[in-house]
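Right, one structure below, let's go through it.
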Amino acid sequence: MSNQSIVLIGMMGAGKSTVGRALARHLSWEFSDTDHVIENQTGVSIPVIFEIEGEAGFRRRETQCLIDFSNKSAVVLATGGGIVLAEENRRLLKQIGPVVYLKASVQELFQRTKLDKNRPLLQTPNPRQRIEELLAQRKPLYESCADLVVETGRQPVHLIVQKICKAL
Ligand code: S3P
């Protein structure tokens, strides 16, 4: 394993935070999450940031967050599902370390996010369809950034961690 950091990308509900925490514990590395960093910096929740600054403002904060992480080592960094949208972010992600795309089906993503009110992009009458649309748009971007793709499906977290450690 290189002495850099590891970045986890993927859709909302793919398991980035859960897998990231377990992976960081396994490696005795620090765990961080761009959404939490932004919430800590601003002192408000993601939905409030979307409300006040719009999605564009939130995306600018995500980029700044990646810049701040680009020189850190021994961190497992979970990222917001839309981090791959900006070309600059995709470049920065590769700079931070190996990028792992955590992949899950629309059904799994929907099941894991359907009760969550903290994701502004899913507050629509038909969140399942929204997930489908977002995934269709983002899948090629996730794949273009990824050094490793891991299905999170019904696999236990410790097996996902094992797979990542073996592959990197
Ligand atoms: C977003 C995903 C969220 C959060 C924000 C936007 C997205 O993070 O960054 O609500 O565009 O997919 P998670 O992927 O951790 O839910």
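Coordinate-derived values only; no laboratory data. Because the structure is predicted, anything quoted here is derived from the model rather than measured.
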Expressed as a percent, the portion of alpha-carbon pairs in the range 93-143 spaced more than 17 Å apart is 43
Measure up Lys72/Lys166; Lys72/Lys114; Lys114/Lys166 against 30 Å on the Cα-Cα distance and list the ones that go over.
Lys72/Lys114; Lys114/Lys166
Debye-sum result for the range 4-100 in log10 I(q)/I(0), which assumes one identical scatterer on each alpha carbon, at q = 0.16 Å⁻¹:
-0.61
Given the -39500 (n - 2.57) contribution per DSSP H run of 4+ residues, what per-residue ellipticity at 222 nm results for the chain, rounded to the nearest 500 deg cm²/dmol?
-17500 deg cm²/dmol
Per residue, the convex hull enclosing the alpha carbons of the chain has a volume in Å³ of 104
Extension length gain for Asp116 and Glu151 (0.36 nm per residue less Cα distance), in nm, is 10.4 nm
Whole angstrom only: what separates the Cα centroid of the range 1-40 from the Cα centroid of the range 45-95?
13
